[in-house]
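Participant: Could you have a look at this structure, given as structure tokens, before my questions?
No lab work stands behind these numbers, since they all come straight from the coordinates. From a predicted model like this one, the values you see are computed outputs, not experimental measurements. Here Cβ is always computed from backbone atoms with ideal geometry, including for glycine, and neighbour counts include all displayed protein chains.
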């Protein structure tokens with residue numbers, strides 16, 4: 001970027017933990033700003049990173065390393081938080097069939113994220129054609145739901161160790177999607193079926209679809225009409241569909257990854273160790289950076 005003077009992306013709206021009230025609930029989120037050349041007026045990409053079930057913003061930030069990536073590449077990263085009956089502990093997202101408090105109480109997480117994006121665009125120099133969502137586990141399921149229900153706000157999604165359930169309706173317009181799953185994942189089995197692990201009781205009992213179903217769902221939704229390419233490099237399987245509209249769809253299934261963020265840190269002391277086969281944060285940002293939302297409302 002050369003030798004420049006630097007300051008934070010906005011002098012008015014602070015970074016750090018902030019709140020908004022949506023649907024009668026006080027919702028929390030953490031904002032991390034990049035540094036930017038003094039006097040620059042360019043709008044910046046925004047990446048929302050959703051924690052897994054039982055996690056929080058701090059957990060998602062530490063596990064993924066997205067803050068360091070944002071500062072290096074020059075985008076805004078925000079870590080929204082779900083809800084819980086235990087205050088700021090054991091937070092979850094209402095992804096339809098999962099999970100816990102948010103699912104059981106039909107929390108309007110889609111509405112919360114829509115309002116959050118609009119508020120962030122008013123507070124920071126957000127490029128509304130470059131708003132992206134990624135997430136881990138329950139957060140990955142929520143990323144799918146947001147792509148489906150908010151294609152007018154979201155230019156790309158990247159669920160990690162997430163899933164679909166088979167009853168989702170296609171979005172009103174295409175959304176580029178990159179997905180990462182693990183063959184050793186016992187919580188969200190890559191071949192589909194009942195969820196496992198300690199959080200299985202947080203679901204409503206609906207079996208998960210195989211990982212490749214996610215790929216097929218988004219390929220159909222994005223109007224891809226050419227044969228997908230498949231590749232096995234020894235450490236992962238990859239499916240890729242480069243669609244005529246550039247609303248690309250990519251799936252990685254990592255052979256030695258369990259329920260973890262590849263290339264990141266363990267989500268908890270008892271959690272699975274992440275695979276080193278690839279760095280999910282690097283791959284996700286590279287994917288997002290190559291896709292500007294053609295269907296997103298300005």
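Participant: Express as a percent, rounded to the nearest 5, the fraction of DSSP beta bridges in the chain (both residues included) that run antiparallel.
Facilitator: 55
Participant: Modelling each spin label as a point 7 Å along the Cα-to-Cβ direction, I'd like the residue 68/residue 191 distance in nm, to one decimal.
Facilitator: In this crude label model, residue 68 to residue 191 measures out at 3.6 nm.
Participant: Next question. Which three lengths, in whole Å and largest first, does segment 44-103 cover when its Cα atoms are put on their principal axes?
Facilitator: 36, 20, 15
Participant: Run the helix sum for the chain: -39,500 (n - 2.57) per DSSP H stretch of 4+ residues, divided by residue count, reported at 222 nm to the nearest 500 deg cm²/dmol.
Facilitator: Here the helix-only value at 222 nm equals -7000 deg cm²/dmol.
Participant: Express the relative contact order of segment 88-156 as a whole percentage, based on alpha carbon pairs under 8 Å and six or more residues apart in sequence.
Facilitator: 31
Participant: Tell me, what is the percent relative contact order of segment 6-289, built from C-alpha pairs under 8 Å that lie six or more residues apart?
Facilitator: 15
Participant: I've got another one for you. Provide Rg and Dmax in Å for segment 197-298, with only Cα atoms included in the calculation.
Facilitator: Taking only Cα atoms of segment 197-298, I get Rg and Dmax of 15.9, 44 Å.
Participant: If you take the Cα Rg of segment 23-171 and divide it by 2.2 N^0.38 Å, with N the number of residues, what do you get?
Facilitator: That ratio works out to 1.00.
Participant: Rounded, prolate or oblate, given the Cα gyration tensor of the chain, with a/c below 1.5 counting as rounded?
Facilitator: Rounded is the answer for the chain, as its axis ratio a/c remains below 1.5.
Participant: State the three equivalent ellipsoid semi-axes of segment 103-210, derived from the C-alpha gyration tensor as the square roots of 5 times its eigenvalues, in descending order and whole Å.
Facilitator: After scaling each eigenvalue by five and taking roots: 27, 15, 13 Å.
Participant: What is the order of 124, 252, fewest Cβ neighbours within 10 Å to most?
Facilitator: Neighbour counts put them in this order, fewest first: 124, 252.
Participant: While we're looking at this one, here's another question. Taking neighbour Cβ counts within 10 Å as the exposure measure, how do 157, 76, 21, 284 sort from fewest upward?
Facilitator: With the sparsest Cβ surroundings first, the list reads 21, 284, 76, 157.
Participant: Moving to a separate point now. Return the distance in nm (one decimal) between the two label points of a simple spin-label model at residue 105 and residue 256, each offset 7 Å from Cα along Cα→Cβ.
Facilitator: A separation of 4.2 nm, rounded to one decimal place.
Participant: With a cut-off of 8 Å between alpha carbons and a minimum separation of six or more residues, what is the relative contact order of segment 32-179 in percent?
Facilitator: Computed over segment 32-179, the figure is 24 percent.
Participant: Something else now. Suppose R0 equals 51 Å. What FRET efficiency, 1/(1 + (r/R0)^6) with r the Cβ-Cβ distance, do residue 200 and residue 173 give to the nearest 0.05?
Facilitator: The value I calculate is 0.90.
Participant: Next up: If I model a spin label at residue 235 and residue 289 as a point 7 Å from the Cα along the Cα→Cβ vector, what separation in nanometres do I get?
Facilitator: The answer from the label model is 2.0 nm.
Participant: With a 10 Å Cβ neighbour count serving as the proxy for reagent exposure, in which order, fewest first, do 246, 129 appear?
Facilitator: Ordered from fewest to most neighbouring Cβ atoms within 10 Å, 246, 129 come out as 246, 129.
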